[in-house]
Amino acid sequence: MNPQDKQSAVLVVGAGVAGMQAALDLADMGMKVYLLDRAPVIGGAVAQLERTLPEGQSSSCEVGAMFDAISHHPNIELITNADLQGISGEQGSFEIAIKKRAFRVTEKCDDCGACYQVCPVKPYNTFNEGLTLRCAIDHQNYSFLPLIYNIEKETPACQETCPVHIDIRRYVGLIAEGKFLEALQVIRERNPLPSICGRVCHHPCEGMCNRGQQDEPIAIEKLKRFAVDYEMNLRRQGLLPKLSAPKKPTKEKVAIVGAGPAGLTCGHDLAKLGYEITIFEKESVPGGMLYLCIPEYRLPRDVIEYDVAFIRDLGVDIRLGTPIGKELTLDDLRKQGHKAIFLGIGAHKGLKLRVPGEDEFEGFIDCIEFLKRVNLGDKSKPGKRVIVIGGGNSAVDSARVALRLGCDEVYILYRRSRKEMPANEWEVEEAEHEGVQIHYLAAPVKILGKNGRVTGMECTKMKLGKLDASGRRRPIPIKGSEFTIEADVIIPAISQQPDISFLSEVHGLEISRWDSFVIDERTMQTNLPDVYAGGDAVTGPATVIEAIAAGHRAASGIDRYLRAR
Amino acid sequence: MKKRKFITEFPDIPSKRPPEPSLPLEDRKGNFKEVELGYSEEQAIAEARRCLSCRRCIGCGLCLAECPLEAIVYDQKDEAIKLKVGSVILAPGFDEFDANLQEQFGYSQYPNVITSIELERILSPNGPYGGLLLRPSDGEIPKRIAFIQCVGSREEFIGANFCSSVCCNHMIKQTISAHQKVPDILTSVFFRDIRPLGKGYEDYYLQLMDQPEVKFINSIPKVVKEEPSTRNLVVEWEKGSEKESEEFDLVVLSVGLWAPQGSRRLGRLAGIQLNKYNFCHTTPFSPLTSSKPGIFVAGAFSSPKDISQSLAQASGAASKSASILGDKRELPKAAPRGEKEIKASNKENRIGVFICPYIGVSGEEKKGEGWLEYARSLSGVLGAEVLQFPCWSVGREEIKKTIQEKGLNWVVVVGCQPSISLPIFQRSVEEAGLSRQRLIMESAFKGAAEDEEIKRAIAKAVERAGEATEEPVSEKIVPVGLVIGGGISGLTAALDMAANGFQVHLVEKGSQLGGGLLSSYYTLEGEDVQEKVKSLVEEVERNERIRIYTEATVQKIEGREGNFLTELTHKGSPVKIEHGVCIIATGAEEYEPREYLYGEQSRVMTQKELEGMLAKGEPLKGKVAMIQCVGSRNEEHPYCSRFCCGEALKNALKIKEAHPESEVYILHKDIRVYGFEEDFFTDTVDKGVHFLRHQGDLKVVNSKGLQVEFTEAVNGERVTLSVDNIVLSTGVVPPQSNKALADMIGVDLDKDGFFKEVHPKFRPLELSREGFFVCGLAHSPQTISEAISQGSGAAGRACRILVKAL
């Protein structure tokens, strides 16, 4: 760094007492200070206190003195209602990116309070810890710095949380008014697979729903499903116009590998932009994991087809049973004139348990293989007593499928407790309701077998120990607690990785140690400029809606790349 | 949005979701029919109508229509800002623990279970009930309050095995406040250990212990239940093996301090390392630096801490940060004067009296007619006013207006703490055209004042207004610092000032730099103390801007802030030093025990002596008893020495490491380890060290070998332990020489003999004589990292003055 590049300004993040003090001291030393806070006002937690000492005066007087000093200091620039977006560079010369949210009230305000009298929206007053209400136009505490009032108008929590940011409040409002088709249009603006998501989305939006803090969150997922079902019924009755014929593509050819949610979304978006899209799918059905791994009782096949039809209708060519590999390589795709390639191959390779006896006996079958077999039509009963190992959705699905195939006893073995189980809570409840028996805090030790067939499994009980580096409590085996469960089928469902065996030896792609593609998170571009990747192939096993979000990002990344060419 | 409580609205909307039809259980076997069957039209509409629209602006336009100044701009856009800076200080603070995660306490199920922060708001004059202590369910005045400590702290199973450090202080302060507001209120405190962090709080704790209305119960309740008819709460807990319960009107959960929401994102953006609880990772010897050069940290983001520690760190981070910046400085100009300066000197006294309405008993707003009448009757007083919020801009505009309208030449403010608010009133009178010496501020109270005290304060201030003379302000600033004391905080302060470009004189009375840490070998976290101190001393010795005087004592200090002249005796000969500021870092001494057979029995030793042995590879074996609070928390030294619990854990772990079969007993009143030191506490418990709480009647006898006798605190049993060795966890005591130094400077010591700061929370490092600062053990008992933070902090505060010379 050149000495002349050395900056004499400081960014202080957080305008509580520590931030304010640091800013004041630096400013007094003659430095330029930017004092940033997420809240529209400054003061932090100390401003909320009654007093700071048993025999002191009101803390608002004490922090008030700091407010005063800050507001009078020529070297301090307040940037409130703002979020830090990036810090780059190095000591002496950092570059800072900040997004300052709109206040919507300007310096002209003289605190007459007229707006406050008429505002009909009453959010909780967070400065008073929700013990009172305030107005949507408000002064948040008494610092009055830098401005008196502001209007909080940010995205609702549900929309903020949704990985694809559907305008949930709007479509729920439309449903409340009986405008179901309009509601579905709002959903389709951000989500090309609404029928699927109406049934199997893990709906993080509901977790953030403010109504949930009152009693129960809005059933956002079920409302989405209702809107889709409503349209589906009308269409089946022939009451809606036919889908229009696809437009002719006007832009370059793009190849997509994998017709899962990420690939379908990417194709959908790019086709809408005018690109010529071909999706290459190894299996004989579209939908990827949605079709292969999610059982029909959760997601009927015609529902998948319904969403896929809309995408086909945009002119997307979905070639089923067309694997990319030795026969048809990525280079072949390039040669065919595809200017960009999106890899949405999912994560289909089951991880090993790493216990003795694994793979030795018949009756030991990986969950993905098991679910695929059933979902592609083989509804034969695998055995009488089934153990599923794992705590994710695939584990629960495998168990419930086994019950439906007529297995007598189905167990799930999970090494942590119910609270840590990653599967959707409602799925676990249903599974138990249907008769699946779950052993929490238990892990496999050894697969037992006789005459080449599985006969059972030796397990150990676990206890939760200290937090590990990831902040989760690590399960530890309890010595001497071993027990045996008899079984003739064992289904490990512990996790999956992308299966990258289709790549040629000199593919040149950067691959992580989990066999996933390494990408730039903003554009989804891999280290090869014309190859993009997203969904489980990048993140490892995750959710539908995250794959859709990745598809969106990749489509805009590819579009930007091709336009820049 | 975090809260949701007790404000029922939208009664016309059905409260629960309509149940969704599903496939009956018996129909599910042998087929793959869809299980969930979806909503009907009616159900969907009913469900959608439950949406609250989230209480965010709906853009209705009503405010826009009302606003006479057209100040509202609905479609104002977000703004992207790019900045270039040389350094970054992260001070995003903390988030209070979400009490819903500990369901057993009934938070958000029962309206009268509140968090400690909610109680703060309730007690505040500008809070939801105007400062009256009322309970949320019915607005009744509670007569019985329970505090439950450690909610969201020291709980491994919720992922928070750290002590939030401030909640005990919070509870102590709130109990005192509650008693001021409702004098006959009964308080029960459920606790694990009482940990009153920081200066003075041990005294408040002792005061509470003496009050019959306050009960301390050493147990964390199992569950809180509500009595539905009265909405009172029944708290159930275990005492030993017995179950007990009691009814309360209000239950306060002392919620912990967690890493701020978004800290992971912040960590990622800044490229800094976080610890497992998502706080910023720092090390004991670099408490202000993140893992990335140029990014500093202050306040609760690096670990839960109180206001004074946060501010010390903030000043320290400012000093560190400034030292790596470019040298383009723009010093703030003197406050702008009013257009025509009022020539005030020769006229008769025209005094205006301004009184804060919140200084009366219990902090409630007072109209204060009696005070005003009294003030107006005093000679020279032209007018008197009670000002709503005098220290806020609204109130100060009023003061300025009155000065100009009435032609005042003296302004008297009777309010709370001149140490905090004096500068803001000075600014106001200067803006109105008066010299700052024409402002007299008088504090009326300690906590809350009776009418008579307020009148006395008014009279005193008015009298002073007539008498004060204007002193000429010295303009000369000598850009040199003097640091007295060469321990860890003094070394840090010297290095920091030097790094900011100033000459420093470092005076040490001993022959060697390093202070108390010279006899320390490792920290609880496992760092090599000797190595760290050695490299710090070397750095100081190498630094060209630092002049070291060992075997030197200060004889005399004259002058004023910015321009002092100090006389030293350095190795017998006199030296004179000119300097602009002075930092007192004289440290403290280890308590020399006279109790527990120390000095009579070689098998009774101090933790320091044990540490020395351990460092030489001579660990103790067999049965070891460690006795806490030797020379602390007793009548002679009522304060807590802060670090001895950590020392005991550290050495107990070392003993267990070397000889796992040895038995270590830690005999204590409370285990006081703060912040992330808690992890070491649980570690020590896991390793099988025994912790026994006693009732303060501990005795050591030597008959048939060493024996410790005491009464166990929980069940009151008399215990006799036969042990092979006894280790005394001795505290620190302020040196006798503090008194002479304080007298020479003309500042006060606190009642325990440490240097007394201007304001214990908001100006923790300044002494009452301007230009003097204090840090380290001279200030109060503290840990290494706290002493380093204070050393940097004092340097930061001092540099503010020295830069004026540039």
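Do we have residue B:761 as charged (D, E, K, R) and either out of contact with any Ser or Thr (no Cβ under 8 Å at 6 or more places or on another chain) or touching a residue at least 40 places away in the same chain (Cβ under 8 Å) (or both) here? In short, yes. Which residues, counting only those in segment B:38-53, are free of Cβ contacts under 8 Å to residues at least 24 places away in the same chain and over 26 Å from residue A:299 (Cα atoms)? Within segment B:38-53, B:51, B:53 qualify. For segment B:249-266, filtering for residues that are out of contact with any helix residue (DSSP H, G or I) (no Cβ under 9 Å at 6 or more places or on another chain) and within 11 Å of chain A (Cβ to nearest Cβ) leaves 4. The set of residues from segment A:205-222 being within 16 Å of residue A:193 (Cβ to Cβ) and either at the interface with chain B (Cβ under 8 Å from one of its Cβ atoms) or surrounded by 24 or more Cβ atoms within 10 Å (Cβ to Cβ) (or both) comprises A:205, A:220.
Among the residues of segment B:377-396, which ones are more than 23 Å from residue B:419 (Cβ to Cβ) and surrounded by 13 or more Cβ atoms within 10 Å (Cβ to Cβ)? Residues satisfying the conditions are B:378, B:380, B:381, B:382, B:383, B:384, B:385.
Within segment A:448-478, how many residues turn out to be touching a residue at least 24 places away in the same chain (Cβ under 8 Å), within 14 Å of chain B (Cβ to nearest Cβ) and surrounded by fewer than 16 Cβ atoms within 10 Å (Cβ to Cβ)?
1
Of the helices (runs of 4 or more DSSP H) entirely within segment A:254-348, those holding at least 1 residues that are small (Gly, Ala, Ser) occupy A:261-272, A:301-312. Apart from one condition, residue B:192 fits all of (1) surrounded by fewer than 23 Cβ atoms within 10 Å (Cβ to Cβ); (2) part of a helix (DSSP H, G or I); (3) not aliphatic (A, V, I, L, M); the exception is (2).
Checked across segment B:551-569, the condition of being loosely packed, with under 15 Cβ neighbours inside 10 Å, outside the structural domain of residue B:785 (by TED's automatic domain parsing) and out of contact with any strand residue (DSSP E or B) (no Cβ under 9 Å at 6 or more places or on another chain) holds for no residue.
Please tell me if residue B:509 is part of a loop (DSSP other than H, G, I, E, B) and charged (D, E, K, R).
Spelling it out, residue B:509 is indeed part of a loop (DSSP other than H, G, I, E, B) and charged (D, E, K, R).
Taken over segment B:35-67, residues that are in contact with a strand residue (DSSP E or B) (Cβ under 7 Å, 6 or more places away or on another chain) and hydroxyl-bearing (Ser, Thr, Tyr) amount to 0. Criterion applied to B:33, B:82, B:29, B:77 was being under 30 Å from residue A:10 (Cβ atoms), assigned to a loop (DSSP other than H, G, I, E, B), at the interface with chain A (Cβ under 7 Å from one of its Cβ atoms) and free of Cβ contacts under 8 Å to residues at least 40 places away in the same chain, and the one residue passing it is B:77. For residue B:683, the test of being touching a Ser or Thr at 6+ places or on another chain (Cβ under 6 Å), surrounded by fewer than 20 Cβ atoms within 10 Å (Cβ to Cβ) and not assigned by TED's automatic domain parsing to the domain that holds residue B:203 is failed. Mind telling me which of the residues A:516, A:481, A:512 ends up being loosely packed, with under 15 Cβ neighbours inside 10 Å, hydroxyl-bearing (Ser, Thr, Tyr) and outside the structural domain of residue A:390 (by TED's automatic domain parsing)? Residue meeting the stated conditions: A:512. Against the list (1) surrounded by fewer than 21 Cβ atoms within 10 Å (Cβ to Cβ); (2) over 26 Å from residue A:245 (Cα atoms); (3) in contact with an Asp or Glu (Cβ under 9 Å, 6 or more places away or on another chain), the condition residue A:346 fails is (1).
Scanning segment B:125-140 for residues that are more than 7 Å from every other protein chain (Cβ to nearest Cβ) and not aliphatic (A, V, I, L, M), we see that the one that is surrounded by the fewest Cβ atoms within 10 Å (Cβ to Cβ) is B:139. Determine whether residue A:30 is more than 30 Å from residue B:167 (Cα to Cα), touching a residue at least 40 places away in the same chain (Cβ under 8 Å) and either at the interface with chain B (Cβ under 7 Å from one of its Cβ atoms) or not in a strand (DSSP E or B) (or both). In short, yes. Are any of the residues in segment A:91-102 closer than 30 Å to residue B:318 by Cα, of a type in the set (A, V, I, L, M) and crowded, with 21+ Cβ neighbours inside 10 Å? Within segment A:91-102 (the criterion being closer than 30 Å to residue B:318 by Cα, of a type in the set (A, V, I, L, M) and crowded, with 21+ Cβ neighbours inside 10 Å), the answer is yes, since at least one residue qualifies.
Taking the criterion of being assigned to a helix (DSSP H, G or I) and of a type in the set (D, E, K, R), the residues of segment B:41-59 that qualify are B:41, B:42, B:47, B:55.
Answer yes or no: is there a residue in segment A:263-277 that is within 28 Å of the chain's Cα centre (by Cα), crowded, with 21+ Cβ neighbours inside 10 Å and at positive phi. Scanning segment A:263-277 turns up no residue that is within 28 Å of the chain's Cα centre (by Cα), crowded, with 21+ Cβ neighbours inside 10 Å and at positive phi. Residues in segment B:60-73 that are exposed (fewer than 14 other Cβ atoms within 10 Å of the Cβ) and either facing another protein chain (nearest Cβ under 7 Å) or in a loop (DSSP other than H, G, I, E, B) (or both): B:60, B:61, B:68, B:69, B:70. Screening residue B:617 with (1) of a type in the set (Gly, Ala, Ser); (2) within 33 Å of the chain's Cα centre (by Cα); (3) not in a strand (DSSP E or B) gives one miss only, at (2).
A Cβ distance below 9 Å, combined with a sequence gap of six or more or placement on separate chains, defines the contacts here; from segment A:162-178, residues that are at negative phi reach residues that are of a type in the set (Gly, Ala, Ser) and surrounded by fewer than 18 Cβ atoms within 10 Å (Cβ to Cβ) in the pairs A:169/B:53; A:173/B:53; A:176/B:46. Considering segment B:296-329, the residues that are buried (at least 24 other Cβ atoms within 10 Å of the Cβ) and of a type in the set (Val, Ile, Thr) include one that is modelled with the lowest pLDDT, namely B:307.
Inspection of segment B:406-418 identifies at least one residue that is farther than 28 Å from residue B:758 by Cβ and either in a helix (DSSP H, G or I) or touching a Leu at 6+ places or on another chain (Cβ under 6 Å) (or both).
For segment B:624-660, a residue qualifies if it is buried (at least 18 other Cβ atoms within 10 Å of the Cβ), of a type in the set (D, E, K, R) and not in a helix (DSSP H, G or I), and the qualifying residues are B:633, B:642.
The values are calculated or read from the model by the stated rules, or taken from the named source; none is laboratory data. Since the structure is predicted, the reported quantities are computational estimates derived from the model, not experimental observations. We place every Cβ from the backbone using ideal geometry, glycine too, and count neighbours over all the protein chains shown.
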